[in-house]
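Taking it in order: structure first as structure tokens, then the write-up.
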Amino acid sequence: DIQMTQSPSSLSASVGDRVTITCRTSQSISGYLNWYHQKPGKAPELLIHAASNLQSGVPSRFSGSGSGTDFTLTISSLQPEDFATYYCQQSYSTPFTFGPGTKVDIK
Amino acid sequence: EVELAESGGGLVQPGGSLRLSCGASGFTFSSYWMSWVRQAPGKGLEWVANIKEDGSEKHYVDSVKGRFTISRDNARNSLYLQMNSLRDEDTAIYYCARDRVQWLNHAFDIWGQGTMVTVSS
């Protein structure tokens, strides 16, 4: 199985901050990487698919980059509604696996 | 509106069985792979299984192989997860998700609200 790590595991930030979250995989997955966020008590929501493609309806402050084993999610200017837990997920091979999550909270 | 709605969760004893259902609306169900994803209380997300558009291909995480069966009824726009030999560690919220495939990448673009499964004596 492909193992996923994320860093940091949590971060505190202010509205307007630029935030970067990193996801690393145990083997190369080309660009088969998606990003989600999840707010407490809610289902996850897809933000970025295939490493760098913005999901329809998602604000342009979200962007993704990377390929191979190293990927990044960037929020250019953090908004109040962005405080959530962020997960990466690989679809290079089954079983599909998620990263452990990065919790973004208010400083 | 595109929607998924799970049902069938509840409290079950270890070793017991449960069948989850997921009803789809607002899109052509038969044109999409579908997945089940679970989340244990206070934990992260774990993909459980998926099924191809016509049901001809299924994949599972190792921890549920031989115990869980994913299936679908395209005429009823419904997805199912038959769970047998349930264990304490199967306790989780179970989400149904549309498994959209683009450029061979599987992304979960629509999620249900989830249904809670509790395995306890």
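A compact table of results
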| read-out | value |
| --- | --- |
| Failed criterion for B:Ala97 (all others in (1) hydrophobic (A, V, I, L, M, F, W, C); (2) surrounded by fewer than 17 Cβ atoms within 10 Å (Cβ to Cβ); (3) within 22 Å of A:Glu45 (Cβ to Cβ) hold) | (2) |
| Listing of strands (runs of 3 or more DSSP E) fully contained in segment A:1-45 that carry 1 or more residues being touching a residue at least 12 places away in the same chain (Cβ under 8 Å) and open to solvent by 40 Å² or more (accessible area, probe 1.4 Å) | A:4-7, A:10-13, A:19-25 |
| Count - residues of segment A:80-100 that are surrounded by fewer than 22 Cβ atoms within 10 Å (Cβ to Cβ), closer than 16 Å to A:Lys42 by Cα and at the interface with another protein chain (Cβ under 7 Å from one of its Cβ atoms) | 0 |
| Pairs, first closer than 24 Å to A:Met4 by Cβ in segment A:69-83, second aliphatic (A, V, I, L, M) and loosely packed, with under 15 Cβ neighbours inside 10 Å, C-beta under 6 Å, six or more apart | A:Leu78/A:Val15; A:Phe83/A:Ile106 |
| Lone unmet requirement of (1) more than 15 Å from B:Leu18 (Cα to Cα); (2) within 12 Å of another protein chain (Cβ to nearest Cβ) for B:Thr115 | (1) |
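The values are calculated or read from the model by the stated rules, or taken from the named source; none is laboratory data. Not measured: the values here are computed from a predicted model. Neighbour counts are summed over all protein chains in view; Cβ atoms, including those assigned to glycine, are modelled from backbone coordinates with ideal geometry. Just the protein is used for accessible areas: all its heavy atoms, side chains included, with ligands, DNA and RNA removed. Shrake-Rupley method; radii C 1.70, N 1.55, O 1.52, S 1.80 Å.
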